[in-house]
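S.K.: So that we are looking at the same thing, I have put the structure below in structure tokens.
The values are calculated or read from the model by the stated rules, or taken from the named source; none is laboratory data. Please read these numbers as outputs of a predicted model, since none were measured by experiment. Backbone-built Cβ (ideal geometry, glycine too); neighbour counts: all protein chains shown.
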């Protein structure tokens, strides 16, 4: 049965197309879904695949012909047998033979590496780091690439053992959910991969040595000719097309990069005298990460949309330091974690939030939302920037559980393992600039929350106690709050409550 090989439907704005490359010739045996011919439009290259197993009959339109949508360009004889090869066929390169007989290609199944499904509020993501390169063997569940969103870093792991054959999206590329970013050959070994790598340059050298390279489409030839690029120079152009084919876009990108380099060289020559005068003063320009851009946007939004005010107080840390000194060893033996300051501050803040509900609330349009739960965001400094994971239901946690929760969030933040769920929500934020030596600051509210507590460096200072001067370990506390919802009386009362609970920790135990 003869099956027509037709030009596929063209995009609405495209009138016609060009036969770019026939991958088979008359008499070749083909398999179902095997790519037969590439059809080039102004913007994309379309592949026409075999509808069934069979033999290529007559090819009606050759490479370079202009064709229309649904036009018949060849015939496929379904279920036929390949004719005996002529002397001319025998002289064809081994590549054609490999294409006509897929079994001889000895390749495993190709697996697409895709961007995972992104959270509902995230439109796109950025390729952060590739941990493997083309040709490297990978194991099932091995991390291939880190993909950065506005809040978290997602890991994409290998679905199976094999070899990474191709990276479609390099580091820094913006990608969407479910987008194919690489290809993995299932079950392949590094030996077959290296063999393929050795064959590729040889084929490329053969085709590159001919000025009339048959793999070049008419539009590519025109682009090379118009820009005065020789066949030898064309070898240096990076190829993004399938099977290493040179595309028109590749030539345009190469020309732009070449012009930019020449422009930079010209500017550098013009500024030689100035550079000598400046000596070795240099600068480096790098793009912002997605997280840094998000932080900048949110902090600016917070400053511009809230009536932010900061109130200060100081707390004597000696009582808590005495408790830590007395029970640290016992506490660590029982719970497997050290007793820190953050658990005391979290407990004190949670109790203060119960007494001042407006500090635990948020503004939604013209409404005030009061929360009857106590989820506290912990500001964590990571190599990528400041993040605020959430410790949930702090009113139900013991000091040990709080310490363990904070440590787990800090480790995940450092390693970029925080999930969207762990970053979402939170009614109040605690930030500790004291670990970096900050003596006092005015923290910015973490929207949509209405307040944030800033901890600072513990410093010995002379204080008047019962008419006498004593040297005590003191810490400044800063509460930034949204004056649209929280009045001065409530903000000061909240901060005084935190101070009193910390200076007399037994109040936390006795609920006083």
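S.K.: Are there strands (runs of 3 or more DSSP E) fully within the stretch 376-481 with at least 3 residues that are surrounded by fewer than 17 Cβ atoms within 10 Å (Cβ to Cβ)? List them. Steps first, please.
M.R.: Details: elements: 376-378, 380-382, 385-387, 428-432, 451-455, 459-465.
The qualifying strands (runs of 3 or more DSSP E) are 459-465.
S.K.: Would you check if residue 111 is at pLDDT 85 or above, under 30 Å from residue 138 (Cα atoms) and within 36 Å of the chain's Cα centre (by Cα)? Break it down stepwise before answering.
M.R.: Working: at pLDDT 85 or above: yes; under 30 Å from residue 138 (Cα atoms): yes; within 36 Å of the chain's Cα centre (by Cα): yes.
So residue 111 fits the description; yes.
S.K.: Right, next: If you check residue 141 against the conditions, is it at pLDDT below 85 and either surrounded by fewer than 16 Cβ atoms within 10 Å (Cβ to Cβ) or out of contact with any helix residue (DSSP H, G or I) (no Cβ under 6 Å at 6 or more places or on another chain) (or both)?
M.R.: Working: at pLDDT below 85: yes; either surrounded by fewer than 16 Cβ atoms within 10 Å (Cβ to Cβ) or out of contact with any helix residue (DSSP H, G or I) (no Cβ under 6 Å at 6 or more places or on another chain) (or both): yes.
Answer is yes for this residue.
S.K.: Being surrounded by fewer than 17 Cβ atoms within 10 Å (Cβ to Cβ), part of a loop (DSSP other than H, G, I, E, B) and over 33 Å from the mean Cα position of the chain (by Cα) is the filter here; which residues of the stretch 35-59 pass it?
M.R.: 51, 52, 53
S.K.: Do we have residue 20 as in contact with a strand residue (DSSP E or B) (Cβ under 6 Å, 6 or more places away or on another chain), in contact (Cβ under 8 Å) with a residue 40 or more places away in the chain and not in a loop (DSSP other than H, G, I, E, B) here? Spell out how you get there, then give the answer.
M.R.: Working: in contact with a strand residue (DSSP E or B) (Cβ under 6 Å, 6 or more places away or on another chain): yes; in contact (Cβ under 8 Å) with a residue 40 or more places away in the chain: yes; not in a loop (DSSP other than H, G, I, E, B): yes.
The answer is yes for residue 20.
S.K.: Could I ask something else about it? Among what's in the stretch 309-325 and is outside any helix (DSSP H, G or I) and touching a helix residue (DSSP H, G or I) at 6+ places or on another chain (Cβ under 7 Å), pick the residue that is nearest to residue 483 (Cα to Cα). Lay out the reasoning, then the answer.
M.R.: At the first step, the residues of the stretch 309-325 found to be outside any helix (DSSP H, G or I) are 309-317.
Subsequent filtering for residues that are touching a helix residue (DSSP H, G or I) at 6+ places or on another chain (Cβ under 7 Å) retains 311, 313, 315-316.
Numbers: 311: 11, 313: 18, 315: 24, 316: 27 Å.
Residue satisfying both the conditions and the ranking: 311.
S.K.: Can you name the condition, by its number, that residue 176 falls short on among (1) modelled with pLDDT under 75; (2) within 25 Å of the chain's Cα centre (by Cα)?
M.R.: If we test residue 176 against (1) modelled with pLDDT under 75; (2) within 25 Å of the chain's Cα centre (by Cα), just (1) comes out false.
S.K.: Can you tell me how many residues within the stretch 362-375 are assigned to a loop (DSSP other than H, G, I, E, B) and surrounded by 17 or more Cβ atoms within 10 Å (Cβ to Cβ)?
M.R.: Of the residues in the stretch 362-375, the ones assigned to a loop (DSSP other than H, G, I, E, B) are 365-366, 371-375.
Right, trim to surrounded by 17 or more Cβ atoms within 10 Å (Cβ to Cβ) and you get 374-375.
Of the residues in the stretch 362-375, 2 are assigned to a loop (DSSP other than H, G, I, E, B) and surrounded by 17 or more Cβ atoms within 10 Å (Cβ to Cβ).
S.K.: Modelled with pLDDT under 60, under 28 Å from residue 147 (Cβ atoms) and surrounded by fewer than 16 Cβ atoms within 10 Å (Cβ to Cβ): is that true of residue 274 in this structure?
M.R.: Values: modelled with pLDDT under 60: yes; under 28 Å from residue 147 (Cβ atoms): no; surrounded by fewer than 16 Cβ atoms within 10 Å (Cβ to Cβ): yes.
When the stated conditions are applied, residue 274 does not pass them.
S.K.: Considering only the stretch 23-34, state which residues are outside any loop (DSSP other than H, G, I, E, B) and out of contact with any helix residue (DSSP H, G or I) (no Cβ under 6 Å at 6 or more places or on another chain). Can you show your working first?
M.R.: Here is the first cut: in the stretch 23-34, the ones outside any loop (DSSP other than H, G, I, E, B) are 29-30.
30 - this is the single residue of the stretch 23-34 that is outside any loop (DSSP other than H, G, I, E, B) and out of contact with any helix residue (DSSP H, G or I) (no Cβ under 6 Å at 6 or more places or on another chain).
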